[in-house]
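Take a look at the structure set out below.
The values are calculated or read from the model by the stated rules, or taken from the named source; none is laboratory data. Just so you know, these numbers come straight off a predicted model, no measurement behind them. Backbone-built Cβ (ideal geometry, glycine too); neighbour counts: all protein chains shown. These accessible areas exclude ligands, DNA and RNA; they are computed on the full protein's heavy atoms, side chains included. Shrake-Rupley method; radii C 1.70, N 1.55, O 1.52, S 1.80 Å.
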Amino acid sequence: MRALLTRLSTALFLFWLVVSITFVLVHLAPGDATTLLVPPDASPADAALLRGRLGLDAPVAVQYGRWTWSVVRGDLGTSFATGRAVTSILADALPVSLALGGISLLLSFVIGTTIGAAQAVRRGRPLDHLLTVVTTTVYAAPSFWLALSLVALFTYGAAKWGFPEVLRLPAFGMRDPAGEATGVAALMDLIRHAVLPVAVLTAVGAGGIARYARSALADVVHADFVRTARARGAGPLRALAGHALPVALPPLVILLALALPGVIAGSVFVESIFAWPGMGRAMLTAIAARDYPVVMGATIVYAAMVIVANLVADLMLPLLDPRRRR
Amino acid sequence: MTRPARAGAAIIAVLAILVIAVPLVAPVDPLAVGDVLSTRLVPPLSRDEAGHFHLLGTDRFGRDMFQRMMLAGRISLAVGVLGSLLGAAVGTLLGALAAWRGGLLQAGIMAVADALLAVPRLVLLLLCSALWAPGLTTVVVILVGTGWMGVARLVRGEVLGVSARPYVEAATALGVPGRRLLWRHVLPNALGPAVVAATLGVGNAILLESGLSFLGLGVQPPTPSWGNMIAGGRDLIVIAPWVAIAPGLALVVTVLAATMLGDGVRDWLAGERTGTSE
């Protein structure tokens, strides 16, 4: 219980630091919001009026106090560009990113550990070398480039090499723009649109996870207790799944939390290229419009996700480890 | 060194020579725009109407892709190496300072590092690049500013560990002054993880620079970088995919080589420590 409280307070402290750092960064930047918001021919009086209305004329300490207090109350300010509350903009975008990222993270965990396990068992054999080349290459490839390559394959390539109808996957958007489909047909349409973005995010995540899983499992697969299990008559698959995996999995669950920032970052590009209305796209649109409140809000939400993921992984670790279970 | 590590080092060496040499001996200026209509969007491995051969085709202005990619490689490699090394240097300094001084300074440095590590690095990069005017210097500064935390943590741990070793105690007993102790006895023995992180960070820094440049927040055209070249081919992806694909291949090869080299350095240093290297 005490450990839980310590972890929680550390997480809260970290979150407060992130909120403060975003404030400091925005205030270190040259100029302030009024230079972007007022027309160039506006009088200094008008600019001062706007500064007053936005609360930018208050001392920095007061502004900082207001900013932290509003974050505590769950208010991230108002978008400069649209006048909407930042929280409502992000609340629209977050589910899209969570679904995209969550499915991809899950798939990349399953695929990544499977590849890593196969490599650990076949260590030093041709299969291991081949898979190392594949995972390292995917790991080295920028997600936006992978995404563009897939778009090229399914537009330019599909036309050039005459792909069959089933394989003509839509490369842009979340659903058919003309679609009036409902029920199952609408769901199928959504799934077809999701294939390419999910494939890119999964590939990027799986590449990284496989690299870790290989080294995490390699030590365990040849450990004495696994050899004992084999000697006592357990088949190779049973020795792997029943004896080696339970010991090697906990650190990999931590990896899931550590892989989250990567998937989030990847989704910024993927959402931008495949035109999915998620957090990444919201942030990029806001950056292009110099819409600071939205950019700051998105940063804070991303950080909160990472902090919560780390906290959950931290708390789950003792529960998962068979050696620490009573 | 392992075979992949040597291969990685060799690939990087060849790339470095290519990006320096090719633009020097190139017959035409890779930035100049000539007769656009007869030379634009020539596919790879073919000739334009004037009979010039283009290994990787041409872009929408008829500029040779291969030459531009080599010119862009100078920028991408330099930014990657500089960003990663400077970041590691700053991280080493702050980490060593934190461990050496302890107290409030240590608590402050480590708290900021932890907080920055809680924000996905790309998001942090996006936030910073939204606030400051984009450009080469900004990219490097931002890469350093968002890349020092991991190294600082590692170095702090190492310095704390090394400081407790008997030879440091012996040096203290012999009256070696504090600063000299840190520079001559502690830091050299605590640098291993920083070197690994710096090497592995090169690939990462190149990827991040290309990502920012792809989004238009990094290196600005007409200065070519692999990232903004891919961005330039983005709307041509349906009719001339090579314009976006080719610079990406250069990125993949470079980052792959840097990762192989970094993995090799890590394994080699790990072997060195436990005394099991070849």
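Of the residues making up the range B:143-193, those that are at positive phi and open to solvent by less than 30 Å² (accessible area, probe 1.4 Å) number 0.
Listed conditions (1) within 12 Å of another protein chain (Cβ to nearest Cβ); (2) not in a loop (DSSP other than H, G, I, E, B) are all met by B:ALA198, apart from (1).
Condition check for B:THR254 on (1) at pLDDT 90 or above; (2) open to solvent by 20 Å² or more (accessible area, probe 1.4 Å): one failure, at (2).
Of the helices (runs of 4 or more DSSP H) contained entirely in the range A:220-326, those carrying at least 2 residues that are of a type in the set (S, T, N, Q), in contact (Cβ under 8 Å) with a residue 24 or more places away in the chain and surrounded by 19 or more Cβ atoms within 10 Å (Cβ to Cβ) fall at A:245-273, A:292-320. Checked against (1) closer than 30 Å to A:PRO318 by Cα; (2) in contact with an Asp or Glu (Cβ under 8 Å, 6 or more places away or on another chain); (3) at pLDDT 80 or above, A:GLY278 passes all but a single condition, namely (1).
Selection of first residues in the range A:62-85 that are in contact (Cβ under 8 Å) with a residue 24 or more places away in the chain and of second residues that are of a type in the set (Lys, Arg), restricted to Cβ pairs under 9 Å at least 6 apart or on distinct chains, gives the following pairs, ordered by first then second residue: A:THR78/A:ARG84; A:PHE80/A:ARG290; A:ALA81/A:ARG290. Taking every residue in the range B:236-261 that is facing another protein chain (nearest Cβ under 7 Å) and in contact (Cβ under 8 Å) with a residue 40 or more places away in the chain and pairing it with any residue that is among the aromatic types (Phe, Trp, Tyr) and open to solvent by less than 10 Å² (accessible area, probe 1.4 Å), at least 6 positions away or on another chain, the pairs with Cβ-Cβ distances below 6 Å are B:LEU251/B:TRP226. Considered as a group, the residues in the range B:201-228 that are more than 14 Å from chain A (Cβ to nearest Cβ) and in contact with a Pro (Cβ under 9 Å, 6 or more places away or on another chain) include one that is nearest to B:GLY147 (Cα to Cα), and that residue is B:VAL219.
Is it the case that A:GLY83 is surrounded by fewer than 15 Cβ atoms within 10 Å (Cβ to Cβ) and over 14 Å from A:GLY278 (Cβ atoms)? Yes. Please find, within the range B:115-142, the residue that is farthest from the other protein chains (Cβ to nearest Cβ) out of those that are assigned to a helix (DSSP H, G or I) and surrounded by fewer than 19 Cβ atoms within 10 Å (Cβ to Cβ). In this case the residue turns out to be B:LEU136. The residue that is nearest to the other protein chains (Cβ to nearest Cβ), among those in the range A:136-149 that are over 12 Å from B:MET260 (Cα atoms) and part of a helix (DSSP H, G or I), is A:TRP145. Counting only residues that are open to solvent by 70 Å² or more (accessible area, probe 1.4 Å) and either in contact (Cβ under 8 Å) with a residue 40 or more places away in the chain or in contact with a strand residue (DSSP E or B) (Cβ under 7 Å, 6 or more places away or on another chain) (or both), the range A:115-132 holds 1 of them.
Residue selection: B:ALA89 fails the criterion of being surrounded by fewer than 21 Cβ atoms within 10 Å (Cβ to Cβ) and either in contact with a His (Cβ under 9 Å, 6 or more places away or on another chain) or within 14 Å of another protein chain (Cβ to nearest Cβ) (or both).
B:ARG60 passes every criterion in (1) out of contact with any helix residue (DSSP H, G or I) (no Cβ under 7 Å at 6 or more places or on another chain); (2) at pLDDT 65 or above; (3) assigned to a loop (DSSP other than H, G, I, E, B) apart from (1).
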